[in-house]
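Working notes, structure below.
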Amino acid sequence: MTTNSHDDSLRNLLGLNESKISDTTALALGGLGVGLIGLQWLQNQEKDNSLNRIFGITSTGKILKRSRANVAASTAQYNADLDKISSGVEGGMKAMEAREKDAIDTSARARGLDAKISQASQEQYGASLSGAYATAHKALAEARASATSQLGGAMANYNMGLAEQQFKDLMQTRAERAGILGEIGGIAGSLIKNAAERESMPQPSMGEGDLAKTRIEQNIPELQAPTGIEALDTTVRVVPPLKAFTDQGLNPLQVNIPYRR
Amino acid sequence: MSWKSTMNNALAAINQQYADVSNYYDQADLEFETQFKSYRGQAMTDAINSMAQNDVFESPVSEKQLNRQRKALSEQYATGKSSLAGQKMSALGSVESQRINYYQNLASLQQQSSASKRSSIASGIGTGIGLAASIAML
């Protein structure tokens, strides 16, 4: 009884009976926890793009939206300019017609022609202008169609470019997500593996025979149960781990304690 | 110089080009009006002189002849004016296409910049998690 209790004390002093199960389980749970937190973060990331929000990064959606707004404003201005050009030609034509009619009247009066002749001449001239107006309208319509087609080509390229960007962004986001998932998985896996290895590692143990053999080999006298006044001392005494050796006159660094594998 | 200021300069250059093209054609239009007035005046004077030589200056027939001249001049005016307007539309369209290309490039660069920032932050976070995990495993 005395020997067993002292052997237990020796085991405790050497830390050989300490269980590792709680540590390894904690590591494994930690790994799983990291994985779950990572997954949760990725899900939130997809919903509100928190990484962009936290670090002040402009999201692709916002960039493309702003770009579309800029292009829409720019093309609206261009279309307004085309309208202005067309109306400028119309206005020029009308001003020219008015000037010519005035010139007809002035000229007729100067030549002493009847006012009716002047009026008839003006009407004739006005009617003959349909060809000129048609020419101007045709030219303007062709120019506008050509310009619009040119712009349509640019817009097609632009939209294609934006679609490509969106696609690239999607691919990159997926790759990043896969990378982060891989990292988290790797960390969780190594934590779990580490925990499992610790679990399966043979724990050093010391049997009764080993202790007795060591005592004999190292010439350690068997410990005796306290007697006399010491036996009545019920206060708990904390003995430093190495004191048991030094009290015996031994160097603790030279004590060789065998254990079973 | 950062890419942002380079892009801002590029947009300023495109806007300037658009304004320059517009001004150039406005000037050309004014020049056309001036030249046409001069040309018309000369053409009508020639026509009237011709009629005076033929003694038909004061007859209603002369008015028909003059109107034919006026009609031809008006058609020339319409052709010239609309041609200039068409050229202006086309030139502005080219610049506008450049501006659309610019916005496409800008969006692309902004997206690449954001992706790069996001990637480096994600990498930093990954490294931090890995480091923390390594320390926890010690």
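In whole Å, how far is the Cα centre of the stretch A:147-222 from that of the stretch B:83-127? With the stretch A:147-222 and the stretch B:83-127 each reduced to a Cα centre, they are spaced 37 Å. Of the options B:Leu109, B:Ser5, B:Gln65, report the single residue whose Cα projects farthest towards the positive end of the charge dipole of chain B (beta-carbon charges: Lys, Arg +1; Asp, Glu -1). My answer, from the dipole projection, is B:Leu109.
Would you please give the FRET efficiency between A:Lys65 and A:Ser128, computed as 1/(1 + (r/R0)^6) with r the Cβ-Cβ distance and R0 = 45 Å, to the nearest 0.05? Approximately 0.25, to the nearest 0.05. Name the residues of the stretch B:88-104 whose amide N is less than 17 Å from a point 7 angstrom out from the Cα of A:Glu164 along the C-beta direction? Under cut-off, by backbone N: B:98-104.
Projecting each Cα onto the charge dipole of the stretch A:129-199 (Lys/Arg +1, Asp/Glu -1 at the beta carbon, about the Cα centre), which of A:Gly182, A:Tyr158, A:Ser130 comes out farthest on the positive side? Selected residue: A:Ser130. With the highest mean first, a sort of the peptides A:147-154, B:12-19 on other beta-carbon atoms found within 10 angstrom per residue produces A:147-154, B:12-19.
Each residue of the stretch B:62-79 is assigned a 3J(HN,Hα), and the resulting list reads 4, 5, 5, 5, 4, 5, 4, 5, 5, 4, 4, 5, 4, 5, 5, 4, 4, 5 Hz, derived from the Karplus form 6.51 cos²θ - 1.76 cosθ + 1.60 (θ = phi - 60°), x at Gly and Pro.
Return the average number of partner chain Cβ atoms within 10 angstrom of each residue Cβ along peptide A:160-172.
3
For peptide A:136-149, the mean count of partner chain Cβ atoms within 10 Å of a residue's Cβ comes to 5. The HN-Hα couplings worked out from phi for the stretch A:103-112 by the Karplus form 6.51 cos²θ - 1.76 cosθ + 1.60 (θ = phi - 60°) are 5, 4, 4, 4, 5, 5, 5, 4, 8, x Hz, whole numbers, x standing for Gly and Pro.
Among the listed pairs A:Lys116/B:Lys37; A:Lys168/B:Lys117; A:Lys84/B:Lys4, a Cα-Cα separation exceeding 24 Å is found for A:Lys116/B:Lys37; A:Lys84/B:Lys4.
What GluC sites (Glu not before Pro) does the stretch A:82-168 have in DSSP loop regions with at most 12 other beta carbons within 10 Å? In loop regions of the stretch A:82-168 (DSSP not H, G, I, E or B), there are no sparsely surrounded GluC sites (Glu not before Pro). Taken residue by residue and averaged, Cβ atoms of other chains lying within 10 Å of the Cβ of B:29-41 number 1.
Using a Förster distance of 25 Å, how high is the FRET efficiency between A:Ala145 and B:Asn8, based on the Cβ-Cβ distance and rounded to 0.05? The calculated FRET efficiency here is 0.15.
Since every read-out is calculated from the coordinates, none of them should be taken as a lab result. Quantities reported herein were computed from a predicted structural model and do not represent experimental measurements. Note: ideal-geometry Cβ built from the backbone for every residue, glycine included; neighbour counts use all protein chains shown.
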